[in-house]
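Some notes on the structure that comes next.
The values are calculated or read from the model by the stated rules, or taken from the named source; none is laboratory data. Source: prediction; values computed, not measured. For neighbour counting, all protein chains shown are included, and Cβ atoms are generated from backbone atoms with ideal geometry for every residue, glycine included. Quick note on the areas: whole protein, heavy atoms, side chains included, nothing else; ligands and nucleic acids left out. Shrake-Rupley method; radii C 1.70, N 1.55, O 1.52, S 1.80 Å.
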Amino acid sequence: MFPYFAQPEKLAAWKAVTAQAHAVPGGTFRMDVTGRGDVAIGSYLEIDPPHRVVFTWAWDGDTTPGSKPGLVEVTLTPDRDGTLVRLIHRGVAPANQQHSAAGWAHYLDRLAQAVSGQDPSPDPWAEPVKTQSD
């Protein structure tokens, strides 16, 4: 499951329309989450495959007064036939906490599908991905 937080093609399977990631301490990521300019950016702070990843999280272009990057900690623990995912997102402004929680719930459901071998696409929150034939 760890690669789904570190590899661009795995991130794009559940969390983004497109993704770039360099998952090393100090490396960065950039994900176009919806294809409508909702671009998440951050830096990897801690990488401990296959158990833990910690990264900053912000929305590119966010000019909300007082906004600063949040901190996301993901801990992955084997649990019988699967993996227990513990995700903590700190630093979310109180006005955005409900929206953030709903977003993570949505995308963690998609992660569970992707990890189990199901295709979670298309994401109903994202613009359809254009193909060469479109």
Listed by first then second residue, the pairs whose first member lies in segment 78-104 and is under 18 Å from Val53 (Cα atoms) and of a type in the set (Val, Ile, Thr), whose partner is in a loop (DSSP other than H, G, I, E, B) and open to solvent by less than 100 Å² (accessible area, probe 1.4 Å), with beta carbons under 7 Å and at least 6 positions apart or on separate chains, are Thr83/Met1
In segment 60-106, which residue that is in a strand (DSSP E or B) and of a type in the set (A, V, I, L, M, F, W, C) is surrounded by the fewest Cβ atoms within 10 Å (Cβ to Cβ)? Leu84
Of the listed residues (Arg36, Arg30), the one being more than 15 Å from Val74 (Cβ to Cβ), at pLDDT 95 or above and of a type in the set (Lys, Arg) is Arg30
Among (1) free of Cβ contacts under 8 Å to residues at least 24 places away in the same chain; (2) over 17 Å from Glu9 (Cα atoms), the one test that Phe55 misses: (1)
